[in-house]
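Colleague: If you scroll down you'll find the structure; I have some questions about it.
The values are calculated or read from the model by the stated rules, or taken from the named source; none is laboratory data. These numbers come from a predicted model, not from an experiment. Don't worry about glycine lacking a Cβ; one is built from the backbone with ideal geometry, like all the others, and counts go over all protein chains shown.
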Amino acid sequence: MVQQNFALHETMELHELLNFKTICMTTSKMIQGVVFDQELKTLLEKDVQQSMQSVNVLQELLSKTQPQ
Amino acid sequence: MGFFQDMIGMGDMTEQVIATDFLIASKSGVINYAIAISETVTPEVRDVLRRHLDVAIETHEKVAAYMMKNGSYQVTNPQEQIRVDMQASDTVLDIPRP
Amino acid sequence: MLTGKRIAPHETYELHEILMFKNVCATKSSAMVGFIKDEDLRMLLQDDLVTSQEHIKELQDLIQS
Amino acid sequence: MDYERKPINALKKPMRNDYLEIANAEGMPGLVDSTIALNFLLNAKNGIRNCAMALTEIADPQSRTEVRNMLNASIDLHAQITELMMKKGWFHPYQVNEQFKLDKMSAQAALQIANLKLFPGDTSRLGTFATPNY
């Protein structure tokens, strides 16, 4: 992979987003066991799918920024 | 217009100040629009704000690119950025007090 | 049930805030554009001024609806 | 855009300190779902703001495209959640009084639940795990 000259604060922003997405994904997944309304559950599952994608993308982006 | 006259006396600094101001304004624009969208419930309002947000993001991108090209915004070189900042700050401190 | 109004009360506040911000930005840009010698920067500001005016008009329409 | 307005789901009577009592379950599904939906909405809202803030700080083109896609997805999700909450009668942005009434009631219900001893005793069930020492 091409070595990118990432600025430190860019890496930090991406990290922050990664943390946020991870937490969202986890809560959305767990809370599905509690909801009654099926439409709400569908929406929660959609969020989980989207977040999974985002987390993967962010991980990939962050792997480029590793200083080695 | 005394303020602008003072600024013109600063030569190159004028453009840098205007560009920086523009950058900050465009940044606030993006964030303001995002906050407004996160409070929106009416689809029609959302559509308009979303279109504006896209434009705001592009404007910010262009200004940032312009400033990086001109060397007054060094993303990858913190030392250089601090040097430019310090230069600008010194100019500000040199402004005679009223 | 929505009693004639198309936008929610709190949306009016948000739109108002954005409108004020846009107004100030556009006014500032128009004042500063005369002092710029650099062609690229002037183009940037002028383009922004034009789009800002369009956007302000749209926001006005939304607020008054 | 005519949203049906279902009766809001507040708890009907004061809860006794007995969370297994069937009478307490009345209105519970709506209460649970509206709480979760609100939490979900706040998440989506923060997602939009976080993405926009990150976007103003990032210069790398590839990261920008990805974050922008995320931003758009968050906005869509936010739209869908508000739509659903309005449809279910959990959210009344057009009738502020209605919204305030509902907020007060759910706060009351939440207070009652917070007052219950929901998980009494020792909750460290590490003994039931394969690795009791983490």
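Colleague: Would a scan of the range C:1-19 turn up a residue that is within 14 Å of chain D (Cβ to nearest Cβ), touching a residue at least 12 places away in the same chain (Cβ under 8 Å), β-branched (Val, Ile, Thr) and not in a helix (DSSP H, G or I)?
Modeller: yes
Colleague: Against the condition in contact with a Leu (Cβ under 9 Å, 6 or more places away or on another chain), under 17 Å from B:Asp47 (Cβ atoms) and at pLDDT below 90, how does C:Ile36 come out, does it pass?
Modeller: When the stated conditions are applied, C:Ile36 does not pass them.
Colleague: When you go through (1) exposed (fewer than 10 other Cβ atoms within 10 Å of the Cβ); (2) hydrophobic (A, V, I, L, M, F, W, C); (3) more than 21 Å from D:Met28 (Cα to Cα) one by one for D:Leu118, which number turns out not to apply?
Modeller: (3)
Colleague: From A:Leu17, A:Leu62, grab the single residue that is crowded, with 16+ Cβ neighbours inside 10 Å, more than 9 Å from chain D (Cβ to nearest Cβ) and touching a residue at least 40 places away in the same chain (Cβ under 8 Å).
Modeller: Just a single option satisfies the conditions, and that option is A:Leu62.
Colleague: Just to be sure, is C:Ile56 within 14 Å of chain D (Cβ to nearest Cβ) and under 10 Å from the mean Cα position of the chain (by Cα)?
Modeller: no
Colleague: Still on this model: Any residue at all in the range D:46-54 that's at pLDDT below 90 and surrounded by 22 or more Cβ atoms within 10 Å (Cβ to Cβ)?
Modeller: The answer is no, given that none of the residues of the range D:46-54 is at pLDDT below 90 and surrounded by 22 or more Cβ atoms within 10 Å (Cβ to Cβ).
Colleague: Could you count how many residues in the range D:45-66 are part of a helix (DSSP H, G or I) and within 7 Å of chain B (Cβ to nearest Cβ)?
Modeller: Residues meeting the conditions: 6.
Colleague: A follow-up question, please. Considering each residue of the range D:26-44, count those that are of a type in the set (A, V, I, L, M, F, W, C), surrounded by fewer than 19 Cβ atoms within 10 Å (Cβ to Cβ) and within 7 Å of another protein chain (Cβ to nearest Cβ), and give that number.
Modeller: 1
Colleague: Further, regarding this structure: Condition test on C:Asp38, is it at the interface with another protein chain (Cβ under 7 Å from one of its Cβ atoms) and within 18 Å of B:Arg51 (Cα to Cα)?
Modeller: No, not satisfied.
Colleague: Here are some conditions: (1) within 7 Å of another protein chain (Cβ to nearest Cβ); (2) modelled with pLDDT under 95; (3) under 30 Å from C:Glu17 (Cα atoms). B:Val75 meets all but one. Which one does it not meet?
Modeller: (3)
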